[in-house]
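Okay, so here's the structure we're looking at.
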Amino acid sequence: MNAGRGAWIAGLGLLTVLWGQFTYNHPELEWKTFETEHFFIHFYDDTYHSAVEGAKVAETIYPAVTELYQYRPAEKTHLIFMDTDDIANGAAYYYDNKIVIWASPLDYELRGSHRWLQNVITHEFTHIVSMQKSMKAGRNIPSLYFQYLDYEPEKRKDVLFGYPNQIASYALPGTIVPPWLAEGVAQFQFPGSDYDNWDTHRDMILRDRTLHHNLLTLDGMNSFGKRGIGNESVYNSGYALVRYIAVKYGPDKLSELMTALSRPTEWSLNHAFRKVLGVDLRDLYAAFKATLEERYEILTETVRDHAVEGRLLVREGTTNLYPVWSPDGNRFLYLSNRNNDYFGQTDLYVRDLSNGEDQLIDHGVQSAASWNRSGTLIFYSRRPDHPNGTGSTYYDLFVYDLKTGDKTRLTKDSRGRFPVFIPGDSALAYISTHDGNQNIYSLSLRDLSVTQLTNFQDHRLVHRLMYDSRRQALLFDVTTNHFRNEYEYTFSDSTIRPLLNTREWDERDLTVLPSGAYLYADDRSGIYNLYTFDPAQGQQAYVTNVLGGAFMPSVNQKGQCLYVQYEAGGYKIALLDSLTPVPTEMVGYSPNYFRRNGALKSPIVETDFQGTVRPYEDQFPPMFVSPKVMVDYHTIKPGFYFYSSEMLNRLTVLGGASINGKKDLDTFFRFEFHRFFPTLYAEMAYVTRNTTEQDRYSVYNIDNRLRFRLIQFRSGIQFPIFGVHTLEINGTWQRYRAFVKESIPSEGIEGGIAYDYYRGALLDVTWRSAVHPPRFDGNINPSKGWDLTVRATKEWNDFIDGLDFNDAGTLTEVFVPNDLVRLEADLRWSVTLRPRQRWTLTAETKAGWYSNQNADSFFHFFGGGLPGLQGYPYYGLEGSRLAVERLAFRVPLFRERHVRTGWIIWQNSVIGFLYQFGDAWDDQLDVKQSLGFQWRINGFSFYNFPIALGWEIHRGLTPFKKQYQEQLIEYGNENRYYVTLLFGF
């Protein structure tokens, strides 16, 4: 019998929804630990300095954060310092009570410059405290799941249920804090904190949105999943609204809001705000919006009346940065995210001003590029296509030859950014980061040798380089606390000195005019504008007066100035044909606006730790348990999932169990071990099903009680390859067993038997590839790239042929070998037909073959249903061969909308038209065709949980009849429906 196949799907079909994707392990790291009063600090040798300063920061800010929220974590918080990739980020895992900090400091064009560790650690610890304060069921219960499965009516006689055609999994979270509030309080930090502050960049983004009547709506602030500056605007708007609440109602109300949201019966954000602040949330937002509009109208009145700005040359995209003139002054380099969704997805281009055409140089470039003296070579930095041998991805330097079109990698794991060409030495200077310390290096282009030029060890941030040929010096930006200042490194005597060094405002992007005067971006007026200063003559003046911001000037020998201008929600590139002074009183908010920065605190600096350092030992957070209620084949199955991951993710366990009133049991368990370069895993599944049948023998009514048990053990190993491929090898042992009890109630007679009907062992090798750029709607509407899965399996299968008596007179199974080799492949390829409208075409090919055509149909491929030709039932197409082609043409109905229905905010929706053809067969291919319509919509539930709803109707175009035992069944020419409600498509 094949009685358990439908049950297997019911028990395990939602496992892939809960399990994350494969990532690199780093067994080469020797982790160490030291403790402070409130923290465990975990680090390795290459993050020691970050850990020491980070520990000082954490203990410094601990009292203020916990005092504001009147909450202290029950145990010491784990603080983990990483530097395995060029990533500038932090993450607070508030259920685990741990914080992960990447040592590289943030250098982001949508925020001002702030000292990294004191900023990010305060931000993430505020998340830990505020989110734990808001938990409804404590740290052990992060969510509750409601799940539903229903099945096709068609099934084989030896199967209990058909294949699922309705699948739903919906989560009720343990916290309901929307992103704007969570990120807003984390940026606000605590009263008096200035480790992060409302800097000129943040003000620029909010001002621009306000004046262009493009503020995020309240529903728009309630979720991420946006393009361009959309996600940053959630941070930005949330920070502004939290500041508004703290000023108007008092910062203590932030703690009270978290307390209100922690109540198990509180599921309305609006109700919580009314209770704490005495005002409806939408009324609060309306007052906040009106205040912004009034403020910015008043502050920018003079700017709007006396604007001075250049002619826009590059408008497409939201990110156009770092224009650099060619030596002849007829071309320029720049970065742009055109044709990409996210702000940081920038590519390197050359614009020829003679014809206005652009040439793409390379993808994934994120810092300024440089020309050689003749303008034939372009030097730039980017991450390589593949990780290094330990799985790390660091920036490296490349050169592109405009004459030949050749691209050459110059360094390996240099972590180099912002390269600048040094003509006299035939060298490149660049910035590199190690353990959070940034320094300047020189790369000889003759022999590729590297020389370190600076030795900063105080975690100052070093930004963009510029070469001054007159003084044979490097110009660069430095941040020691807040704001950038301008410094100079002189090659002749290796000295470093400040050029522009003010404590109260920002000076950045310094370049030198043909006259020898400085030109740079300055925000002392409250708005970034270009500013000139001639140190020889003492003359200084603004040369722009923009409403958004002006940055990154580059001047050619003709005196023309390229610069970056922020307006209408993005960075554009503009051209000034000449530089004309602008009266100071006309510029920005006020000539003295910078005075608001006069009370900023000194930075937190720590260079050594005097305590005890010990080798790291594995540490686990409490086990997380998520109760679930599942409706499966019209029975209610209560159960639970459990999950825990070691603090460094070196060990992970996941499992679940559920049972219904019939004692049908679903259990699974998975263990992952990440201590080696490959990941080792083991998993188990145990599933039972109970059913009854009525029969009649002669004059007797017979009750048959059937119980089926499926046991499977699998263990394997996964290897990452080149960052986009995974090789997996696993072995499986499985047993399917039946228990039969027959009774004649009228006679009080009972009898029974138990037997295995399938015993199998499998050896499987699987290759997976995923090559596609990140897109904000990539899940609901795949538009570029491809995914490939290829699997080869050797199966040793024993399948029951009957029961017989052995020599001892005991009834036992008679098995027939059904050994075979199975090959499967699944390729999905997506392309964009109309990029702006995001019309897409996806082609998916599935193929299968196995060697033993005499094997029982138990081992067949099945080609219909949800994973196959959807115009036919799953079991309607079967055989030892499989070929299915699916073509899906999709058109968006809307994108990045915020349609609110109760607790759900819908963001994107598409419709699709699907054509499918193929077959599953033994002897002769008989192609079947199917036509379908698809509707998809996705968004977020309770602000943070992704939700994806799909509805499909399909119709088989090729009717056919199938003989099954003594019954002739006809398929095709009927509508078939499918519904899914999951976390993704």
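Throughout, read-outs are computed from the coordinates displayed, never taken from laboratory work. Keep in mind that this is a model prediction, so the values were computed, not measured. Note that each Cβ is placed from the backbone with ideal geometry, even for glycine, and that neighbours are counted across all protein chains shown.
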**Request:** Starting from the Cα of ARG503, step 7 Å toward the Cβ, then list every residue of the range 568-611 with an amide N under 11 Å from that point.
**Result:** 598-603
**Asked** Using 1/(1 + (r/R0)^6) with R0 = 60 angstrom and r between the beta carbons of ASP804 and THR612, what's the FRET efficiency to the nearest 0.05?
**Response** 0.25
**Non-local Lys pairs in the range 624-982, i.e. 8 or more apart or on different chains, that have alpha carbons under 24 Å apart** = 14
**Item:** FRET efficiency, ASP756 to VAL790 (Cβ-Cβ, R0 30 Å, nearest 0.05)
**Value:** 0.45
**Asked** Under a Cβ-Cβ cut-off of 11 Å, what is the net charge of the residues other than PHE343 that fall near it, where Lys and Arg count +1 and Asp and Glu count -1?
**Response** -1
**Size-normalised alpha-carbon gyration radius of the range 624-982, reference 2.2 N^0.38 Å** = 1.16
**Prompt:** When the Karplus curve 6.51 cos²θ - 1.76 cosθ + 1.60 is applied with θ = phi - 60°, which whole-Hz ³J(HN,Hα) does each residue of the range 957-964 get, with x for Gly and Pro?
**Reply:** 8, 10, x, 8, 10, 10, 7, 10
**Asked** Where does the Debye-calculated log10 I(q)/I(0) of the range 367-504 sit at q = 0.14, 0.17, 0.18 Å⁻¹, using only Cα point scatterers of equal weight, no solvent?
**Response** -0.65, -0.94, -1.04
**Complete:** Placing +1 on each Lys and Arg Cβ and -1 on each Asp and Glu Cβ in the chain, then taking the dipole about the Cα centre, the residue among LEU397, LEU665, VAL831 whose Cα reaches farthest towards the positive end is VAL831
**Fill in**
Rounded to the nearest 500, the 222 nm mean residue ellipticity computed for the chain from DSSP H runs (n ≥ 4, each -39500 (n - 2.57)) alone is -4500 deg cm²/dmol
**Item:** Where GluC sites (Glu not before Pro) fall in DSSP loop in the range 906-985, at most 13 other Cβ within 10 Å
**Value:** GLU966, GLU974
**Prompt:** Name the GluC sites (Glu not before Pro) in the range 445-515 that are in a loop by DSSP and that have at most 11 other C-beta atoms within 10 Å, would you?
**Reply:** none
**Fill in**
Extension length gain for GLN967 and SER374 (0.36 nm per residue less Cα distance), in nm, is 205.3 nm
**Fill in**
Projecting the Cα atoms of VAL587, THR66, ILE121 onto the charge dipole of the chain, where Lys and Arg contribute +1 and Asp and Glu -1 at Cβ, the residue farthest towards the positive end is VAL587
**Inter-label distance, nm, simple model (7 Å from Cα along the C-beta direction), TRP951/ARG304** = 4.5 nm
**Item:** Inverse of mean 1/r across different Cα pairs in the range 222-322, Kirkwood, Å
**Value:** 16.7 Å
**Asked** When the chain is fully extended, how far beyond the present Cα-Cα distance does ARG705 get from LEU448, taking 0.36 nm per residue of separation?
**Response** 84.7 nm
**Message:** Please compute the modelled spin-label separation between TYR24 and ILE721, points set 7 Å along Cα→Cβ, answer in nm with one decimal.
**Reply:** 1.7 nm
**Item:** Unit charges on C-beta of K, R, D, E only; dipole of the chain, Debye
**Value:** 1580 debye
**Request:** Apply 1/(1 + (r/R0)^6) to the Cβ-Cβ distance of GLU35 and THR845, taking R0 = 45 Å, and write down the FRET efficiency to the nearest 0.05.
**Result:** 0.20
**Request:** Enumerate the residues in the range 804-819 having an amide nitrogen under 17 Å from the point lying 7 Å beyond the Cα of VAL740 toward its Cβ.
**Result:** 804-806, 810-816
**Message:** Using 0.36 nm times the number of residues separating GLU266 and ASP45, minus their current alpha carbon distance, what extension gain do you get?
**Reply:** 74.9 nm
**Asked** Taking the Cα centre of the range 350-495 as the origin, how large is its charge dipole in debye, to the nearest 20, when only Lys and Arg (+1) and Asp and Glu (-1) carry charge on their Cβ atoms?
**Response** 40 debye
**Request:** Starting from the range 730-794, pick out the GluC sites (Glu not before Pro) whose DSSP state is loop and whose Cβ has at most 15 other Cβ atoms within 10 Å.
**Result:** GLU747
**Which labelled figure in (1) 46.5; (2) 74.5; (3) 43.4 is mean projected area of the Cα convex hull in nm², once derived from the coordinates** = (1)
**Asked** Any idea what the relative contact order of the chain is, in percent, if you count C-alpha pairs under 8 Å spaced at least 6 apart?
**Response** 10 percent
**Message:** Are there DSSP H segments in the chain that both extend 18 Å or more along their axis (alpha-carbon positions) and score a mean Kyte-Doolittle hydropathy of at least 0.0? List them, or say none.
**Reply:** 48-69
**Request:** Quick one: check the C-alpha center-to-center distance for the range 387-421 versus the range 303-335, whole angstrom.
**Result:** 26 Å
**Fill in**
The simple spin-label model distance between THR291 and LEU680, using points 7 Å out along Cα→Cβ, in nm, is 5.8 nm
